[in-house]
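Have a look at the structure below, then the notes.
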Amino acid sequence: MNIEDIENIELKFLDLNDYQELKTAMLSVYSHMPGAYWREAEIKSLIQKFPEGQVVIKINGELAGVALSIIVDYEAFDDEHTYEDVTGSYSFDTHDAKGDVLYGIEIFIIPQFRGLRLGRRLYDYRKELCEKLNLKSIVFGGRMPNYHKYREELTPKEYIAKVRRKEIEDPVLNFQINNDFHPAKVMKGYLEGDKASQDYAILMEWDNIYYQKPSKKAASNKTVIRLGLIQWQMRPYSDVDAVMQQAEFFIDAVSGYRADFALFPEFFNAPLMAKDNHLSTSDAIRELAKHTSTLVQRFSEFSISYNINIITGSMPEVIEGRLYNVGYLCRRDGTMERYEKLHVTPDEAKVWGMQGGQKLQAFDTDCGKIGILICYDAEFPELSRLLADEGMDILFVPFLTDTQNGYSRVRHCARARAIENECYVAIAGSVGNLPKVQNMDIQFAQSMVFTPCDFSFPANGIKAEATPNTEMILIADVDIDLLRELNQFGAVKNLKDRRKDIFELRKK
C-alpha cells in the first residue's frame with residue numbers, strides 16, 4: 001500500500017468481530033507453518049483475561065497488524081521455557097494480573113502493509129503499557145527466520161553477533177534490536193514447527209527504566225528532587241551556637257521551599273578558628289575539630305525537625321591522632337553516614353598536616369542514590385565513575401576556593417562529571433573574607449547545578465547558578481527520570497558505550 005492511499009490509521013483494542021480478519025492474516029503470515037493460527041475461543045479467552053494487552057492496527061478500516069500479550073510472574077518460568085509453557089498450553093491461564101513482566105505472544109504486520117513503520121507503533125504501545133502498569137520489562141521469544149540459511153556454518157550465538165554487526169540481514173531480529181530490545185538468551189525448541197529458525201528462538205528483553213519495585217512502606221519514591229544549595233558567607237562568629245543559628249536559618253529557608261537536600265560548603269565552620277589565631281595553623285584547625293561532633297549532632301536534629309536531608313559540607317576531624325577532612329549525610333529519618341576527602345590539596349597537607357581518607361561509596365536516600373566528593377576529589381574522574389557504577393544519580397560537591405583559578409578547576413571538572421557519568425552535579429561554596437583566620441583569608445564561589453548535555457537538559461549543561469560572591473541560597477529541581485531516558489535513548493550514551501573489553505575501573 002502507498003502512503004497516498006491511506007485515509008485513516010487506527011490503533012484499537014482487539015475485538016472478537018476482528019477474528020475472521022485475524023485468522024486470514026495469520027494463515028497468510030505463517031503459511032510456512034500449516035495450522036498456525038489462534039482459534040476463536042482462544043482469542044476470546046485472551047480478550048477476557050487482558051483486554052489492554054490485545055491491540056490491532058487498522059488502515060482504512062482493514063486489519064494491518066496485531067500485537068497480543070499477557071502478564072506473567074516471570075519467576076514461575078525458567079530460562080529454558082517454551083512458547084507452550086508460557087501460554088499455559090495455549091490456554092493463557094499463565095496470565096497473572098499481579099505479575100511483573102509483559103510477555104509478548106504475537107506480533108506481526110500483514111505483508112501488503114509493511115514498510116509503513118507500523119511495527120514500531122505496536123512496540124511503542126507495548127512499552128507505554130509496560131510503563132503504565134509498572135511492569136519490570138517486556139519479554140518474548142523472537143524468531144530467526146533467516147537462520148536456516150547459515151545453520152551449517154554458524155551457531156545461533158555467532159549468527160546473532162553477525163546480525164548485530166550488520167553482516168547478515170535478519171528482518172525480525174534487526175527490527176527488534178532497532179526498537180531497543182536486546183538478546184538475553186538463545187532457546188532451543190521454543191516454537192514447534194518453526195523450521196526457518198531451526199526451532200531456535202532468541203529471548204528478547206526491553207527493560208522498563210521507570211519500573212518501581214512495589215514497596216510496603218508508606219513513603220513513595222520521588223523522581224523530581226529539589227536541591228537547596230547554601231552559598232555561605234564567611235564572617236566572624238562568637239561561638240558554635242552562633243554558627244548553628246545561621247546554619248538553621250538557611251535550613252529553615254530551603255526546607256520552606258520543600259527542598260529534599262540542603263548542601264553546605266567545605267569548612268563552612270572555619271570562622272570559629274579566629275579565637276585560636278594565636279596558635280599555629282595546624283594547632284588551630286585541630287582546635288576547630290573539637291567542635292565537629294557537636295555540629296554533626298545539631299545537623300542531625302535539624303534534618304529531622306525540618307524534614308530535609310542535610311549534607312554538612314566538611315569539617316576537620318581527628319581520629320587516632322590523625323587529621324581528616326570529613327562530612328556527614330544526615331538523613332531526615334535520623335540515620336547518618338560519614339564521607340571523607342580522599343585527595344587533600346598540597347596546601348592542606350603542608351599547612352595543616354591533613355591526611356587523605358579511604359572511604360568511597362554511594363549513599364541510599366529517599367530520593368535515590370547520591371555521591372559526595374569534597375572539593376579537590378571532584379577533579380579526579382575515577383572517583384565519580386566508581387560512584388556512577390554504584391548507581392549514583394546526584395553528585396554533591398561541597399568546596400572551598402580562595403581564587404577564581406581554584407574555583408574554575410572545581411566548576412569545569414564538575415561539569416565534566418555530569419556529562420561523563422550521566423548524573424546531576426551540585427556544587428556549593430563559601431564567599432567573603434576571614435582576615436583574622438590564618439590560611440583562610442579570602443573566598444571565591446559561585447554555587448551551581450550541572451546537568452548532562454542532551455535534548456532533555458539545558459544546552460549548556462547548567463540547570464541553575466547563584467550570583468558569584470554573594471551570600472544566598474540556590475533552589476533547583478532535577479528530574480531523575482530524565483537520566484534514565486538519557487541512559488537508554490540519549491544522543492550519546494557515555495556509560496553504556498564504555499569499552500570495558502579494553503579497560504576496567506575498580507576499587508581496591
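So for segment 180-199 (the condition being crowded, with 16+ Cβ neighbours inside 10 Å, at pLDDT below 95, within 24 Å of the chain's Cα centre (by Cα) and not aliphatic (A, V, I, L, M)), does at least one residue qualify? Checked segment 180-199: at least one residue is crowded, with 16+ Cβ neighbours inside 10 Å, at pLDDT below 95, within 24 Å of the chain's Cα centre (by Cα) and not aliphatic (A, V, I, L, M).
Figure legend. Inter-residue proximity from segment 232-254: first residues assigned by TED's automatic domain parsing to the domain that holds Ile308 and closer than 22 Å to Asn309 by Cβ, second residues small (Gly, Ala, Ser) and part of a helix (DSSP H, G or I), beta-carbon distance below 8 Å, spacing 6+ or different chains. No pairs are indicated. Selection within segment 10-56: residues that are of a type in the set (Gly, Ala, Ser) and touching a residue at least 60 places away in the same chain (Cβ under 8 Å). The member of this set that is farthest from Leu191 (Cα to Cα) is Gly53. Exactly one of (1) at pLDDT 95 or above; (2) buried (at least 18 other Cβ atoms within 10 Å of the Cβ) is unmet by Met440. Its number? Against the list (1) at pLDDT 95 or above; (2) buried (at least 18 other Cβ atoms within 10 Å of the Cβ), Met440 comes up short only on (1). Among the criteria (1) more than 16 Å from Ile372 (Cβ to Cβ); (2) buried (at least 21 other Cβ atoms within 10 Å of the Cβ); (3) without any contact (Cβ under 8 Å) to a residue 40 or more places away in the chain, the one Trp352 does not fulfil is (3).
Yes/no matrix, rows are residues, columns are (1) modelled with pLDDT under 90; (2) part of a helix (DSSP H, G or I); (3) among the charged types (D, E, K, R); (4) surrounded by 15 or more Cβ atoms within 10 Å (Cβ to Cβ):
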position	(1), (2), (3), (4)
Pro34	yes, no, no, no
Lys44	no, yes, yes, no
Gln48	no, yes, no, no
Gly65	no, no, no, yes
Ser69	no, no, no, yes
Asp78	yes, no, yes, no
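Of the residues in segment 318-334, at least one is within 32 Å of the chain's Cα centre (by Cα), in contact (Cβ under 8 Å) with a residue 60 or more places away in the chain and crowded, with 20+ Cβ neighbours inside 10 Å. Consider Ser197 carefully, then state whether it is closer than 30 Å to Arg126 by Cβ and in contact with a Phe, Trp or Tyr (Cβ under 8 Å, 6 or more places away or on another chain). Answer is yes for this residue. Looking only at segment 172-216, residues that are among the hydroxyl-bearing types (Ser, Thr, Tyr) and without any contact (Cβ under 8 Å) to a residue 12 or more places away in the chain come to 1 in all.
Checking the conditions here, which among Thr24, Thr82 is of a type in the set (Ser, Thr, Tyr), more than 21 Å from Val139 (Cα to Cα) and in the same structural domain as Val101 (by TED's automatic domain parsing)? Just a single option satisfies the conditions, and that option is Thr24.
Within segment 424-463, if we keep just the residues that are of a type in the set (Phe, Trp, Tyr) and part of a loop (DSSP other than H, G, I, E, B), the residue that is nearest to Ile394 (Cα to Cα) turns out to be Phe457. Checked against (1) touching a residue at least 60 places away in the same chain (Cβ under 8 Å); (2) closer than 22 Å to Tyr210 by Cβ; (3) touching a strand residue (DSSP E or B) at 6+ places or on another chain (Cβ under 7 Å), Glu422 passes all but a single condition, namely (3). Taking the criterion of being closer than 12 Å to Asn269 by Cβ and either of a type in the set (A, V, I, L, M) or in contact with a Phe, Trp or Tyr (Cβ under 8 Å, 6 or more places away or on another chain) (or both), the residues of segment 294-324 that qualify are Leu295, Val296, Phe299, Thr312, Gly313, Ser314, Met315, Pro316, Glu317.
Residue by residue through segment 166-183, note down the ones that are within 18 Å of Arg121 (Cβ to Cβ) and among the hydrophobic types (A, V, I, L, M, F, W, C). Of everything in segment 166-183, those that are within 18 Å of Arg121 (Cβ to Cβ) and among the hydrophobic types (A, V, I, L, M, F, W, C) turn out to be Val172, Phe175, Ile177, Phe181.
Which members of segment 276-330 meet the condition of being of a type in the set (Val, Ile, Thr) and farther than 17 Å from Asn439 by Cα? Across segment 276-330, the qualifying residues are Thr292, Thr294, Val296, Ile304, Ile308, Ile310, Ile311, Thr312, Val318, Ile319, Val326.
Here Ile177 meets the list (1) surrounded by fewer than 20 Cβ atoms within 10 Å (Cβ to Cβ); (2) in a loop (DSSP other than H, G, I, E, B) almost entirely, failing just condition (2). Considering the conditions (1) in contact (Cβ under 8 Å) with a residue 60 or more places away in the chain; (2) out of contact with any Asp or Glu (no Cβ under 8 Å at 6 or more places or on another chain), Leu474 is excluded by exactly one of them, (2).
Does segment 370-380 include one or more residues that are surrounded by fewer than 21 Cβ atoms within 10 Å (Cβ to Cβ) and more than 24 Å from Tyr324 (Cα to Cα)? The answer is no, given that none of the residues of segment 370-380 is surrounded by fewer than 21 Cβ atoms within 10 Å (Cβ to Cβ) and more than 24 Å from Tyr324 (Cα to Cα).
List pairs: first in segment 396-417 and charged (D, E, K, R), second crowded, with 23+ Cβ neighbours inside 10 Å and not in a strand (DSSP E or B), Cβ under 7 Å, 6+ apart or cross-chain? As it stands, the answer is Arg417/Ala378; Arg417/Ser384, since those pairs meet every condition given. No other residue among Arg120, Arg114 is surrounded by fewer than 20 Cβ atoms within 10 Å (Cβ to Cβ), farther than 18 Å from Leu14 by Cα, in the same structural domain as Gly189 (by TED's automatic domain parsing) and modelled with pLDDT under 90 apart from Arg114. Exactly one residue out of Tyr210, Tyr257 is in contact with an Asp or Glu (Cβ under 6 Å, 6 or more places away or on another chain), aromatic (Phe, Trp, Tyr) and either within 30 Å of Asp441 (Cα to Cα) or modelled with pLDDT under 95 (or both), and it is Tyr210.
The values are calculated or read from the model by the stated rules, or taken from the named source; none is laboratory data. This structure is a prediction, so every number in the text was calculated from the model and none was measured. Heads up, the Cβs are rebuilt from the backbone with ideal geometry, glycines too, and the neighbour counts pull from every protein chain shown.
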